[in-house]
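Visitor: My structure is below; once you've seen it, I'll send some questions.
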Amino acid sequence: MNGIAGRVGPPHILIVGGGYVGMYTALGLQRRLRKGQARITVIDPRSYMTYQPFLPEAAAGSLEPRHVVVPLRKVLKRSHVITGEVTSINHAERTVDVTPEGGEPYKLGYDIIVVALGAVSRTLPIPGLADVGIGFKQVEEAIALRNHVLDKLDIAASTTDEAVRRRALTFVFVGGGFAGVEALGELENMAQYALRYYPQLSPRDMRWVLVEAAGRILPEVGPEMGVYTVQELSKRGIEIRLETRLESCVDGHVVLSKGKPFESDTIVWTAGVKANPVLAQSDLPLDERGRVRCVPEMRIDGVEDAWAAGDNAAIPDLTADQPGVMTAPNAQHAVRQAKLLSKNIVDTLEGKVPEPYKHKYIGSVASLGLYKGVAHTYGVKVRGFLAWFMHRTYHMSKMPTFNRKARVLVDWTMALLFKREVVTLGRMRMPREDFRRAAEPGVPGKPATPSQESQRRSA
């Protein structure tokens, strides 16, 4: 397949990635394309899109985890969805290498490509981090972290070893951006609530630590709101370690650049993201941060029939006061870029001129736990309950599909009427463990073999 010039039949539009940009671009194309005007394929390792701003509430139990994800096949009915991983892109040949879930790798051709791979967690070569660290970017990680925290409360309430209890009740979050602060705020709030069911424990037994290498947290909401957030979290007994780095966490032995080492069973890493490494396995132009270089219309710079948006794209910010500034990697830009991107692709197919992306950043909102938040929008600074309400309202409006909006609203309503659920399902990570133990020779609970029964009787 050698591109649109040599194609036969409708063009094949390939969208690599099913996150914000991938899903919204496919939705826009489905609505704008006439029947038979083009074929659409979406490839992603997951069969759903995760609405990441709601992950902290899913982790805290305020939202059902299934309600913060959108099944791609359910909403992209006119697209072909492939659950698999793209491992390389060869735009010169108009092909990608695909490794499907549970299948053999193969090459897939296309005419037009949309690179929407997003970003992955940016980790550092810190001893022990890969072994004990927990990420917070996918819904699976949010569920696992919730179960993990509740498991640690169970362990602490059931042990007589003071060292084991201290270690279990010490929770470390590395990274003072939205993900780290919101996850910490929601989970600490959940754990404080859960303590009413653990009479053996008190709030003083828990230790929550936020580690940030910079001199402030939540830079997106401005210095004043960042200071307020530090004060608010400190009032709740949370330790804020600014200008501090995690140097080692081998076997849960936490060593920071400042202060004494301590032990912890919970180390959550939310210290930034980086461009998807698959981009390095492509012939597309990249910037110094590994993102695809784009022009304001979201075409890939100097490349025909190739587009990109979202976290993996370096798109010039036309509203910035200085040249060379790129749009910030956040959901606010990604959703808007995707909607314009689908229009631009259709306009190009119809011989029209695509529009440049231009959006003035309106500000940010962040939740610090139930009924607490900070916001800085349109130059106005808000904190407390009103900011928390703004956070929920804004993200509700951006949640894809009416179905998911309704389910989220029902979850919030039920949370107001009934008490939190604080049961842990951590053992779901090993659903076959009890069966395996019953089936192994010599394990209590396994029926004796005839020879074993004969030996028992002769004895």
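Visitor: Using DSSP to define loop residues, name the GluC sites (Glu not before Pro) in region 261-368 whose beta-carbon has at most 15 other beta-carbon atoms within 10 Å.
Guide: Qualifying residues, ordered by number: Glu288, Glu304, Glu350.
Visitor: Looking at region 1-132, send over the antiparallel percent of its DSSP beta bridges, to the nearest 5.
Guide: Antiparallel bridges: around 50 percent, rounded to the nearest 5.
Visitor: Here's another thing I want to ask about it. Can you compute the FRET efficiency between Tyr371 and Val227 using 1/(1 + (r/R0)^6), with r the Cβ-Cβ distance and R0 = 25 Å? Round to the nearest 0.05.
Guide: Approximately 0.80, to the nearest 0.05.
Visitor: State which entries of Lys35/Lys343; Lys372/Lys419; Lys74/Lys405; Lys35/Lys77; Lys77/Lys137; Lys77/Lys339 exceed 21 angstrom in Cα-Cα distance in the structure shown.
Guide: As for pairs spanning more than 21 Å Cα to Cα, those are Lys77/Lys137.
Visitor: OK, next. Using modelled amide H (1.01 Å from N, peptide plane; none on Pro or chain starts), what sits under 5 Å from the amide H of Ala308, excluding residues fewer than 5 places away?
Guide: The list, which skips near neighbours in sequence, is Val115, Ile300.
Visitor: Return one number: the angle in degrees, 0 to 90 and rounded to the nearest 10, between the long axis of the Cα atoms of helix 402-417 and the longest principal axis of the Cα atoms of the chain.
Guide: Compared with the principal axis, the helix lies near 30 degrees.
Visitor: Counting only DSSP beta bridges with both residues in the chain, tell me the antiparallel percent, nearest 5.
Guide: The antiparallel fraction comes to roughly 50 percent.
Visitor: May I pose another question? Do any GluC sites (Glu not before Pro) in region 48-113 lie in a DSSP loop with no more than 11 other beta carbon atoms within 10 Å, and if so, which?
Guide: Counting only loop positions with at most 11 other Cβ atoms within 10 Å, the GluC sites (Glu not before Pro) in region 48-113 are Glu101.
Visitor: Provide, for q = 0.19, 0.20, 0.27 Å⁻¹, the log10 of I(q)/I(0) from a solvent-free Debye sum over equal Cα point scatterers in region 102-160.
Guide: -0.96, -0.99, -1.12
Visitor: Now for a separate question. For every other residue with a beta carbon closer than 14 angstrom to the beta carbon of Pro105, add +1 if it is Lys or Arg and -1 if Asp or Glu, then tell me the sum.
Guide: -3
Visitor: How large is the accessible surface per residue of the chain, computed with a 1.4 Å probe and reported in Å² as a whole number?
Guide: 49 Å²
Visitor: Can you classify the chain as rounded, prolate or oblate using the Cα gyration tensor, where a ≥ b ≥ c are the square roots of its eigenvalues, rounded means a/c under 1.5, and otherwise it's prolate if a/b beats b/c and oblate if not?
Guide: oblate
Visitor: Sticking with this structure for a sec: Can you put Ser234, Ser342, Ser282 in order of accessible area, largest first, using a 1.4 Å probe?
Guide: The residues order as Ser234, Ser282, Ser342, largest area first.
Visitor: Rounded to whole Å, give me the distance from the Cα center of region 220-274 to that of region 334-372.
Guide: Region 220-274 and region 334-372 have Cα centres spaced 32 Å from each other.
Visitor: Label Lys77 and Thr413 with points 7 Å out from Cα along Cα→Cβ: what is the distance between them in nm?
Guide: Distance between the two pseudo-spin positions: 2.5 nm.
Visitor: Run the numbers for Asp154 and Thr87: contour at 0.36 nm per residue of separation, minus the present Cα-Cα distance, in nm.
Guide: Length gained between Asp154 and Thr87: 20.0 nm.
Visitor: What distance in nm separates the simple spin-label points at Glu350 and Ser202, each placed 7 Å from Cα in the Cβ direction?
Guide: Label at Glu350, label at Ser202, 7.0 nm between them.
Visitor: Hey, if we sort Tyr371, Tyr24, Tyr394 by accessible area with the 1.4 Å probe, largest down, what's the order?
Guide: Tyr371, Tyr394, Tyr24
Visitor: Once you have the Cα-Cα distance between Gln322 and Arg122, take 0.36 nm times their residue separation minus that, and quote the gain in nm to one decimal.
Guide: The span from Gln322 to Arg122 would gain 69.3 nm if fully extended.
Visitor: Once you list every other residue whose beta carbon is under 14 Å from the beta carbon of Arg291, what net charge do they have if Lys and Arg are +1 and Asp and Glu are -1?
Guide: -1
Visitor: Net charge near Val303, counting Lys/Arg +1 and Asp/Glu -1 over other residues with Cβ under 15 Å of its Cβ?
Guide: Net charge around Val303: -4.
Visitor: Let me ask something additional. Against the empirical 2.2 N^0.38 Å scaling, what ratio does the C-alpha Rg of region 1-159 come to?
Guide: Normalised Cα radius of gyration, region 1-159: 1.28.
Visitor: Indicate, rounded to the nearest 5 percent, the antiparallel portion of the DSSP beta bridges found entirely in region 190-263.
Guide: 50 percent
Visitor: Figure the gain on full extension for Thr401 and Lys260 (residue separation times 0.36 nm, minus the Cα-Cα span) and round it to one decimal in nm.
Guide: Between Thr401 and Lys260, full extension yields an extra 45.9 nm.
Visitor: So which trypsin sites (Lys or Arg not before Pro) in region 253-304 pass both tests, a DSSP loop state and at most 12 other Cβ atoms within 10 Å of the Cβ?
Guide: Within region 253-304, the qualifying trypsin sites (Lys or Arg not before Pro) (loop, at most 12 other Cβ atoms within 10 Å) are Lys258, Arg289.
Visitor: Additional query: If you take the square roots of the eigenvalues of the alpha-carbon gyration tensor of region 103-219 and sort them as a ≥ b ≥ c, do you get rounded (a/c under 1.5), prolate (a/b over b/c) or oblate?
Guide: prolate
Visitor: Under a crude label model (7 Å from the Cα following the beta-carbon direction), how far is Gln281 from Ala214 in nanometres?
Guide: Taking the simple label geometry, Gln281 and Ala214 are separated by 3.2 nm.
Visitor: Then there is this: State the percentage of accessible surface on the chain attributable to carbon and sulfur atoms; use a 1.4 Å probe and exclude ligands, DNA and RNA.
Guide: Roughly 55 percent, rounded to a whole number.
The values are calculated or read from the model by the stated rules, or taken from the named source; none is laboratory data. Quantities reported herein were computed from a predicted structural model and do not represent experimental measurements. Please note: Cβ atoms are built from the backbone with ideal geometry, for glycine as well, and neighbour counts cover all protein chains shown. All accessible areas refer to the heavy atoms of the entire protein, side chains included, with ligands and DNA or RNA removed. Shrake-Rupley method; radii C 1.70, N 1.55, O 1.52, S 1.80 Å.
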